[in-house]
């Protein structure tokens, strides 16, 4: 099948959505507390002593202790889409999250502005809040 005629909609073997993302941690109880209590994600279940699973808008987030040295590294940044960046930033800051900078305009797009605020989880993994502001530009 050529790329020009391929349709993921008609292919039961198509890669259509990310179901689970793994995030390395070194202190599972501390990481669970951060993701549940600080960020407010819903804890689905724990599989002690190495795993915990959260719901992240329909994608399962797995916190895990690295099994081998080649997996012992920070993951790619996770970007959380929020409707109100200022409110999300203020709530997390009040909960103890330390941001690298205040919300910052990243790009002016034809139909919206892209704003982000970067921080790290309790284990040093890079995270960000992201908002696509449409209509009246954010001051």
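The values are calculated or read from the model by the stated rules, or taken from the named source; none is laboratory data. Since the structure is predicted, the reported quantities are computational estimates derived from the model, not experimental observations. FYI the Cβ positions are ideal-geometry reconstructions off the backbone, even for glycines, and counts take in every protein chain you see.
Structure values in brief
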| quantity | calculated |
| --- | --- |
| Output for the range 124-139, where each listed residue is out of contact with any strand residue (DSSP E or B) (no Cβ under 7 Å at 6 or more places or on another chain) and closer than 24 Å to residue 41 by Cα | 124 |
| Only listed residue being more than 13 Å from residue 129 (Cβ to Cβ) and at pLDDT 95 or above, chosen from 81, 28, 92, 39 | 28 |
| Strands (runs of 3 or more DSSP E) wholly inside the range 57-139 containing at least 1 residues that are outside the structural domain of residue 35 (by TED's automatic domain parsing), farther than 29 Å from residue 26 by Cβ and without any contact (Cβ under 8 Å) to a residue 12 or more places away in the chain | 104-108 |
| All positions within the range 53-95 that are closer than 13 Å to residue 116 by Cα and in contact with a strand residue (DSSP E or B) (Cβ under 8 Å, 6 or more places away or on another chain) | 77, 78, 79, 80, 81, 82, 83, 84, 85, 88, 89 |
| Test: residue in the range 101-114 that is touching a strand residue (DSSP E or B) at 6+ places or on another chain (Cβ under 8 Å), buried (at least 16 other Cβ atoms within 10 Å of the Cβ) and either more than 27 Å from residue 20 (Cβ to Cβ) or at pLDDT below 95 (or both) | yes |
| Breaking point among (1) more than 18 Å from residue 120 (Cα to Cα); (2) surrounded by 12 or more Cβ atoms within 10 Å (Cβ to Cβ), for residue 48 | (2) |
| Residues of the range 59-76 classified as modelled with pLDDT of 95 or more and exposed (fewer than 14 other Cβ atoms within 10 Å of the Cβ), total | 1 |
| Complete set of residues in the range 23-43 that are surrounded by fewer than 13 Cβ atoms within 10 Å (Cβ to Cβ) and more than 16 Å from residue 123 (Cα to Cα) | 40, 42 |
| Residue count, the range 7-36 (criterion: outside any loop (DSSP other than H, G, I, E, B) and over 16 Å from residue 80 (Cα atoms)) | 10 |
